[in-house]
Amino acid sequence: MDYDAQRALQLLRIGSSIPDAQFRDGQEDAIRHVVEGRGKLLVVQKTGWGKSFVYFIATKMLREGGAGPALLISPLLALMRNQIAAAERMGVRAVTINSDNTNQWDDVMAQARRDEVDILLISPERLANDSFREDFLPDISGRVSMLVIDEAHCISDWGHDFRPDYRRIERIARTLPENIQLLGTTATANKRVMDDLEEILGPDITTMRGDLNRPSLMLQTIRMRSQAERLAWLAERLPELPGSGIIYTLTRRDARQVSDWLQSQGLNVQPYMGGSRNQEERDGREQLEDALLENRVKALASTVALGMGYDKPDLAFVIHYQTPSSVVHYYQQVGRAGRGLEAAHGVLLSGVEDTEITDFFIRSAFPTREEVRQVIAALADEQTGLSVPQLLQAVNINSGRLDRAIKLLSLEAPAPIAKKGTRWQLIPVELNNDFWERAERLTALRQAEQQQMQEYVALDSGHMEFLIRALDGNSESAQTPNISPLSTNVSPETVLQAVEFLHRTRVPIQARKRWPNGGSPGDWMCGNIRKEQQAEDGFALCYWRDAGWGNLVYSGKYIDNRFSDELVAAAAEMMREWQPQPTLDWVTCIPSRRHPYLVPDFAERLADTLGLPFRSVLVKTDDRPEQKDMENSAQQAHNVEGSLGFSQNQVLPGPALLVDDMVDSGWTFTVAAALLRERGCSAVFPFALADTGSRQG
């Protein structure tokens, strides 16, 4: 169809609410390409350039020309509220089907069938849903005029954020009829990824790539090994910075810790994390996004959940509390700052824990050969297949890793497993060796990217040039704003306050309310845990190996073979602040055959400090693997079952403090508390010196 330049500009101004808005370099060319039907198009433009305006304006113009609706596949639906609002201002009827609006699916699908939808937005995971793929998608596929693949780098094995469900999109893209336009968009594609995308989405695909330079960003790196130093630096620098921003952390735990610390210093910094299906928490995230947009908070301390798709043109700073795993990740995240400002700060702090955390993410990306062997063996023993809860009973694999292993195996061609109803079944085909070759190749790539980030951390200058070169762009155009970098100094007094804060940190131990799925009716460990068996909520003094007491706990267990008096005093002080209700009457502990005196010695000294009697009433009846070697709730719970009994010492009837050195899964506390309650103990409060952070749901 013919392209109407005046109408396109009018839609841009309506959508942006800027009366004199003009297209950015390349925007109108991309819209024209799609509207005139010139073939497949890949748009690679930096964050903030306005890729969403390309597909929303193109959709509106195609619909006005009589074409069918567009289908947009994006992993960012939860963060696209402002883009969808812009589309609706242009008169684009945009609707979504995603995990956040399941109660609206029937209405949305009915609207689409009546041709009352201009663009349907779905997540890539929706393509894995049997009902959506088989019952709904065929209804509208014959009328779709354009397929938009947002964050298209996720298709590529080489992309920094490879998502298995995008492999389904690859198969759809390869078989598209010629009359359907295909538009892929991404901000984070180097030459390797672009070449891969051109091969996957081709043939005859046109690529439009923009300039990678971000002249508004003042980039700097500051090496601070200890968390206390970094916390102190944040507390002193944030009040000096204008506007609001984002502080990125590698873990949810650190996001909470950073926000708690800065709040204790009088700064309005809130934690932001993804991963929850709880509606209340999802609503809370939207409120936090709006609060940052409206500058009602100084910053959000966030995981990567607040990444691609969030658009705040006047974001004044992005600070990384730890080093991301790759240049592509870092460029994408720091690029959220300074889009509509002349100058903004992008600061990368780094410490000793960075590579340990990113190493974990690299190792977790693909299942191991042993994990695949366990899955295949378990399914081979059950001709009718196994549900995921049944698989968790049969294999010693973390639930998240099991989900990923199943997904990756099911997406192979040919796939060695397939789903029938709620059960996974074994298919009589061999797993292609390409699977393992790809895993090894990409693991090596991630490790090289991690090393490249360490080179970036070591820079004294030339940060933007480094990023552009690493992304295969032209670094000659690199510019920096005319502002000074932030001071790297931090006062000893604030560092001391941060150390004291880390020592005051305590970690909740939430009591289990239900035994793991998969137990047989009539089993002791089946269904809900009876109220009269349940433990109370408890606390751990610290996280294992953290910057507070964590390293002292490590030394006590593996070097000194005795926990220090300093830890006893810290635990006693925490107990006085906690003040469990009903009031504690006595102290007992979890037994161990490997370290028979370590925990009882600590628990007895703690009891003496608290002025309470100590009774060692539980015994280990046999040797079991360590809980840290059990990878999911089913394995963890059943590893404890039957391994605990009672000594000759009397179980006292009053509320007890149940002490252990580490809490891994929480199931040892859960089973021990149930036994103590059945022996007449009125309440059991778990306490551990350290939380390993490995508990499963």
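The values are calculated or read from the model by the stated rules, or taken from the named source; none is laboratory data. The structure displayed is predicted, hence computed values, not measured ones. Every residue, glycine among them, receives a Cβ derived from its backbone with ideal geometry; neighbour counts consider all protein chains shown. The accessibility values were calculated without ligands, DNA or RNA, using every heavy atom of the protein model including side chains. Shrake-Rupley method; radii C 1.70, N 1.55, O 1.52, S 1.80 Å.
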Discussion item. Looking only at the chain, where both bridge partners belong to it, what percent of the DSSP beta bridges are antiparallel (to the nearest 5)?
Written reply: 15 percent
Fill in: Estimated inter-spin distance, GLN581 and TRP524, nm [label 7 Å along Cα→Cβ]
3.3 nm
Item to complete: Taking all protein chains together and a probe of 1.4 Å, list ARG174, ARG253 from the most accessible to the least accessible.
Response: ARG174, ARG253
Worksheet item: What is the Cα centroid distance between segment 656-695 and segment 322-385, reported in whole angstrom?
Response: 32 Å
Worksheet item: With every protein chain present, what accessible area does ASP139 have (1.4 Å probe, heavy atoms only), rounded to the nearest 10 Å²?
Response: 70 Å²
Worksheet entry | Whether segment 425-562 is rounded, prolate or oblate, judged on the alpha carbon gyration tensor where a/c under 1.5 counts as rounded | oblate
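Average the reciprocal distances over every distinct pair of alpha-carbons in segment 542-627, invert the result, and give the Kirkwood radius in Å.
On the way: mean 1/r = 0.0711 Å⁻¹.
One decimal place: 14.1 Å for the Kirkwood radius.
Once the other residues with Cβ under 13 Å from the Cβ of LYS298 are scored (Lys, Arg +1; Asp, Glu -1), what is the net sum? If you can, show how the numbers build up before the last one.
Values: positive: ARG237, ARG296; negative: GLU240, GLU294.
Local net charge: 0.
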Worksheet item: Cα centroids of segment 232-259 and segment 206-229: how far apart, whole angstrom?
Response: 16 Å
Worksheet item: How many Å² of accessible area per residue for the chain, probe 1.4 Å?
Response: 43 Å²
Discussion item. Show log10 I(q)/I(0) for segment 129-272 at q = 0.16, 0.19 Å⁻¹, two decimals, from a solvent-free Debye sum over equal Cα scatterers.
Written reply: -0.94, -1.10
Discussion item. Probe radius 1.4 Å, ligands and nucleic acids ignored: give me the carbon and sulfur share of the accessible area of segment 37-107 as a rounded percent.
Written reply: 46 percent
Worksheet, complete the sentence: Ranking TRP586, TRP524 from most to least accessible area with a 1.4 Å probe gives TRP524, TRP586
Item to complete: May I ask for the angle, rounded to the nearest 10°, between helix 279-293 and the longest principal axis of the chain, with both axes built from Cα atoms and the value confined to 0 to 90°?
Response: 60 degrees
Worksheet item: Tally Lys/Arg at +1 and Asp/Glu at -1 over every other residue whose Cβ is under 13 Å from the Cβ of PRO242; what's the total?
Response: -1
Worksheet, complete the sentence: For the chain, longest principal axis from Cα atoms; helix 51-64 axis from its Cα atoms; angle between them, nearest 10 degrees, is 50 degrees
Practice prompt. Order HIS638, HIS153, most accessible first, counting only protein heavy atoms with a 1.4 angstrom probe.
Written response: HIS638, HIS153
Worksheet, complete the sentence: Placing each pseudo-label 7 Å from Cα in the direction of the beta carbon, SER131 and ASP472 end up separated by a distance in nanometres of 4.2 nm
Discussion item. Which entries of LYS557/LYS620; LYS557/LYS628; LYS40/LYS60; LYS51/LYS191; LYS531/LYS620 have Cα-Cα distances beyond 21 Å here?
Written reply: LYS531/LYS620
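Which of the GluC sites (Glu not before Pro) found in segment 386-451 are in a DSSP loop and have at most 10 neighbouring Cβ atoms, other than their own, within 10 Å?
Those that pass, being in a loop and sparsely packed, are GLU430.
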Worksheet item: What is the list of residues in segment 539-553 whose amide nitrogen lies under 17 Å from a point 7 angstrom out from the Cα of ASP601, following Cα to Cβ?
Response: 552-553
Practice prompt. Could you tell me the distance between the Cα centroids of segment 568-616 and segment 430-491, to the nearest Å?
Written response: 48 Å
Worksheet, complete the sentence: Yeah, segment 87-136 with a ≥ b ≥ c from its alpha-carbon gyration tensor (a/c under 1.5 is rounded, else prolate when a/b outruns b/c, oblate otherwise) is prolate
Fill in: Point-to-point label distance, ARG89-SER226, nm (Cα→Cβ direction, 7 Å offset)
4.9 nm
Item to complete: Assuming a ≥ b ≥ c are the square roots of the Cα gyration tensor eigenvalues, decide whether segment 383-474 counts as rounded (a/c under 1.5), prolate (otherwise, with a/b larger than b/c) or oblate.
Response: prolate
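So, counting K/R as plus one and D/E as minus one, what does the shell of residues with Cβ under 11 Å around LYS191 add up to?
Every neighbour counted, the sum reads -2.
Placing unit charges on C-beta atoms (Lys and Arg positive, Asp and Glu negative, everything else neutral), compute the dipole magnitude of the chain about its Cα centre in debye, rounded to 20. Intermediate values should be presented prior to the final figure.
Values: 76 positive and 95 negative charges, 139 e Å.
Its charge dipole is roughly 660 debye.
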Worksheet item: How high is the FRET efficiency from SER364 to SER99, r the C-beta distance, R0 22 Å, rounded to 0.05?
Response: 0.50
